[in-house]
Every structure is written in structure tokens, then in C-alpha cells.
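Computed from the coordinates by the stated procedures, all read-outs in this text should not be read as laboratory data. Everything numeric in this text was worked out from a predicted model, so none of it was measured. Here the Cβ positions follow ideal geometry from the backbone for every residue, glycine too, while neighbour counts run over all protein chains shown.
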Amino acid sequence: MGEACEIEAIMSVKRFDPILVCPEIKTDDGYYFLCNLDQNIAVIMQTVYCYEPSDKDSKNVADVLRQALARVLSHFYPLAGRLTLSPDMKLIVRCTNEGVPFVDAVADCKMEVLGDITVPDPPTLGKLLHTIHGAKSILEIPLLTAQVTRFKCGGFVLGVAMNHCMTDGLSALQFLDAWTETARGMSLTTSAYIDRSFLRARQPPCINYSHNEFMEISDISNMTNLYQEEPMVYRSFEFDPEKIAKLKKIAMEDGVIKSCTSFVALAAFLWRARSKALKMKSNQQTKLLFAVDGRSKFDPPMPKGLFGNGIVLACCLCTAGELVEKPLSFAVEQVQNSIKMVTEDFIRSAIDYFEVTRARPSLTATLLVTSWTRLSFNSIDFGWGKPSQSGCGTLPEREVALFLPTGKDKTTTMLLGLPVTAMKSFQELIQVK
């Protein structure tokens with residue numbers, strides 16, 4: 001972390017006042033419905049994209065991106081509104097067309113000072129993102145903000161902060177692609193389908209599953225104190241195809257499972273190693289939560305170009321003793337079984353469960369894995385070429401781990417934060433032998 005402090009000291013960023021960017025064409029006003037799948041993930045996702053100097057001058061990049069944003073917001077107009085609460089105390093968007101805060105900024109150094117941004121470094125990367133300080137709740141934070149920071153070398157960085165209640169990974173990428181296409185003077189490849197009403201709760205609600213993802217777990221392993229007493233450190237770990245093949249071989253060596261995907265092997269391996277590193281007691285219950293894309297689970301499938309959250313949380317639940325003492329195949333089988341459980345009826349049941357209980361997934365003794373390995377965030381081209389690298393400003397919750405593509409030979413980067421002593425143990429446990 002010493003390197004991050006050094007970077008923070010030598011990089012100074014001058015921000016100009018935010019400009020509110022509104023949809024170029026007048027759009028609907030009133031209120032925009034957010035479904036129950038959206039309610040549980042109202043956290044700000046921060047992403048940063050680095051663009052190296054190119055033959056194309058970047059002096060006017062902020063103007064180009066701001067004007068393109070105004071045009072594309074005509075298709076994604078709820079992003080220009082503000083969150084509020086409906087009469088039944090659910091999140092809903094007030095379509096005020098208040099606008100998206102857009103900041104033009106200048107750094108006093110070359111972009112190479114940033115180094116590798118795949119590991120979150122909030123003090124440094126926070127300078128490249130427009131955040132709202134002093135907000136008392138998520139209702140006071142705009143649904144989308146953008147900042148373009150130009151560097152002395154001619155390169156620039158785009159920092160985007162977006163509320164997850166508006167988009168999952170696929171629809172966030174759809175919005176960014178539409179923004180880039182607009183900036184390059186192209187028509188949109190995919191039209192935005194913004195009506196989420198087909199995901200309304202059933203009347204009467206029908207809950208057909210236990211939905212352990214919402215279950216409260218007692219912290220009998222004193223992890224809460226560990227997180228409070230020690231600083232969080234973030235690390236990234238690369239898993240190339242050879243390491244992943246070894247993991248799969250270990251998972252299948254006792255014959256319990258016949259095959260598994262890379263995601264399943266990595267998620268199971270991470271869940272076990274993190275539980276060990278946090279010194280969970282043998283009888284400590286622990287959960288693994290991960291997002292499963294529900295678009296193809298519906299019959300007929302969810303509408304093409306869905307702008308929203310088409311994901312549902314799958315859940316594995318067992319004791320830490322079972323997880324770490326049994327072979328890796330046990331954890332892998334847990335993950336596989338939870339994936340099989342996700343059907344249209346399961347997703348409808350999860351929607352109805354929230355309608356009845358208003359429960360939110362508990363994260364005590366829980367690991368929440370999000371995978372972006374199939375999302376091409378490194379292909380976002382506004383006309384200055386593709387980003388040389390991209391990363392997260394910070395992870396939204398301390399329980400979150402992120403799988404990212406590296407762009408080289410199907411290697412996956414695993415990114416997470418842990419208290420410093422737990423991270424020391426984790427770094428040993430995550431070695432594939």
C-alpha cells in the first residue's frame with residue numbers, strides 16, 4: 001500500500017465545476033418503475049478506463065463525450081433522474097431530467113504515474129471519479145456521474161460511477177457501448193428496452209423456495225471485530241488457463257463430479273480459501289452468493305436490450321467446517337447445484353419473496369462473487385481507441401470479490417479485499433499446487 005500513498009502524493013487533479021447533462025430530446029417525466037431485483041443492489045459501482053495518447057488530439061475529448069452523453073441519454077433517460085421512495089417504500093426513479101453530473105478535469109502528470117489500476121486504490125482512483133461527498137443516503141447520490149481527466153502526455157481517463165439498481169453488468173456495457181457509438185457518429189447496435197414491468201411481483205405472491213440468500217447468519221467467529229480493528233487491503237490474483245486446469249483436476253480427482261466450468265472451480269476455491277483465512281469456526285455457517293443471468297431462463301426470454309437487472313443471486317450455504325475439511329469437490333458441487341436451481345420460477349419466487357418480506361441479502365460470514373469475465377469493458381472506444389486498461393475505483397462492499405478478464409489467453413483476475421492479517425493467510429491459501 002506504500003506505492004499507492006506515493007502515487008496519491010505525486011498526482012494532483014484539478015476539477016472544473018460539474019455540468020449537468022440532460023437528454024438532448026425531451027423524454028417522459030413522472031416515475032420510472034424499479035423491480036424487486038433492482039431493490040437489493042442499490043450500491044454505486046465505480047469503473048475507470050485509461051486511454052493512451054493517440055494520433056487523435058484529446059483536447060476536446062470532454063466536449064465530445066459530454067455531447068454524446070446528452071444524445072444517448074434520450075434512449076436511457078431514467079439515468080438523468082433521481083432516486084426516491086414510492087408510497088410503498090420501494091426505490092423508484094423520479095424522471096426529473098435533472099441531468100448527469102459531468103466533470104472535466106486535468107492532471108498535472110503523465111498517465112504512467114497510475115501504474116496498474118486493476119487493484120482498487122480508492123485514494124488515487126477516487127481523484128478520477130466524481131463522487132458526492134456528505135450524502136446522507138443513496139437517495140442523495142445521482143444515478144450516474146462521469147469525469148474525464150486529461151493527462152500531460154495526451155492520454156485521458158474516463159471515470160464512471162453508476163448505481164447498480166439501474167443496471168447489471170450486461171446492461172451497463174450496453175449503455176457504454178451506446179455512448180461510444182454515439183460519440184463516433186454511429187447508430188445504436190442495440191435499442192434500449194427500458195420497461196421493467198414484466199418483472200413485477202405476482203399477485204398474490206407465490207414463494208416456492210427457501211431463499212437462503214436472505215438468511216441472517218450469526219457471527220460466532222468474531223469476524224466483525226477483525227474488520228473493524230484492521231485496515232482493509234486489496235489484492236489481485238491471476239489464474240491462467242494452466243492454473244484453472246489444475247483446479248478443475250483437483251475438484252474432479254475423487255470422482256464426485258465429472259466436469260465443472262472455470263467460474264465454478266474458481267468461486268468454490270475462493271470461498272474455501274477466504275473462509276480459512278478469516279479463521280471461521282467449524283460450526284460457523286457461511287454463504288456464497290453469486291449473480292446468475294436470468295435473461296435466458298424465461299420463456300419467452302427477457303426482452304432483447306433489457307436496460308436493468310436481469311440477474312438473481314444464487315446461494316450456497318453450509319458450515320465452514322464442511323467447506324474447508326471436505327475436498328474441493330464438495331464446494332464445487334454446492335455451486336453447481338445452486339446454479340441448476342435458477343429457473344424462471346426461482347426468479348419469480350425471489351421477486352415475490354422481497355415483495356412479502358422486504359428482506360435484503362445478509363452478508364455476514366458471506367462471500368459475494370461478481371464475474372465480469374464475459375463483459376468486454378476493455379473494448380469501449382469513443383474514437384480514441386480502446387482503453388489500455390480498466391479497473392474499479394473501489395469494491396462496493398467488503399464481502400465482494402470480482403472476477404475480471406485480463407485480455408490475455410483467457411486468464412482471469414480475482415480481485416478482493418480482506419483485513420491485513422487475513423490477506424496474509426489468504427495469499428498462501430490461494431496458491432494452486
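Rounded to the nearest 20 debye, the dipole size of region 229-337 about its Cα centre is 40 debye, using +1 on the Cβ of Lys and Arg and -1 on the Cβ of Asp and Glu.
Of the residues Ala320, Met111, Ser187, the one whose Cα sits farthest toward the positive end of the charge dipole of the chain, with +1 on the Cβ of Lys and Arg and -1 on the Cβ of Asp and Glu, is Ala320. Mind checking the log10 I(q)/I(0) for region 2-199 at q = 0.11, 0.13 Å⁻¹? Debye, one equal scatterer per Cα, no solvent, two decimals. Listed by q, the Debye log ratios stand at -0.52, -0.73. To the nearest 500 deg cm²/dmol, what mean residue ellipticity at 222 nm is calculated for the chain from DSSP H runs of n ≥ 4 alone, each contributing -39,500 (n - 2.57), summed and divided by the residues? Dividing the helical sum by the residues of the chain leaves -8500 deg cm²/dmol.
Dipole magnitude for the chain: about 420 debye, using +1 per Lys or Arg Cβ and -1 per Asp or Glu Cβ, origin at the Cα centre. With N counted as the residues of region 324-370, its alpha-carbon radius of gyration over 2.2 N^0.38 Å works out to 1.45.
Using 15 Å as the cut-off for backbone N distance, which residues of region 125-151 belong to the label zone defined by a point 7 Å from the Cα of Lys14 along Cα→Cβ? Of the residues in region 125-151, 149-151 have backbone N under 15 Å from the label point off Lys14. For the chain, the ratio of Cα radius of gyration to the globular rule of thumb 2.2 N^0.38 Å stands at 0.99.
Packing, as the average of other Cβ atoms within 10 Å across residues, places the peptides 287-297, 303-313, 133-143 in the order 303-313, 287-297, 133-143, highest first. Debye calculation, C-alpha points only, no solvent: report log10 I(q)/I(0) for region 18-119 at q = 0.15, 0.20 Å⁻¹, in the same order as the q values. Taken in order of the listed q values, log10 I(q)/I(0) reads -0.81, -1.10. Each principal axis of region 253-296 carries a Cα extent, and these read 38, 29, 15 Å when sorted largest first.
Any idea what diffusion coefficient region 212-429 gets from Stokes-Einstein, in µm²/s, Kirkwood Rh on alpha carbon pairs, 37 °C, 0.692 mPa s? Estimated diffusion coefficient is 176 µm²/s. Across the options Val148, Ser197, Cys22, the greatest Cα extent toward the positive end of the charge dipole of region 2-199 (unit charges at beta carbon of Lys, Arg, Asp, Glu) belongs to Cys22. Ser74 label point, 7 Å along Cα→Cβ, cut-off 14 Å on backbone N: hits in region 8-41? The answer is 22-28, whose backbone nitrogens lie closer than 14 Å to the label point.
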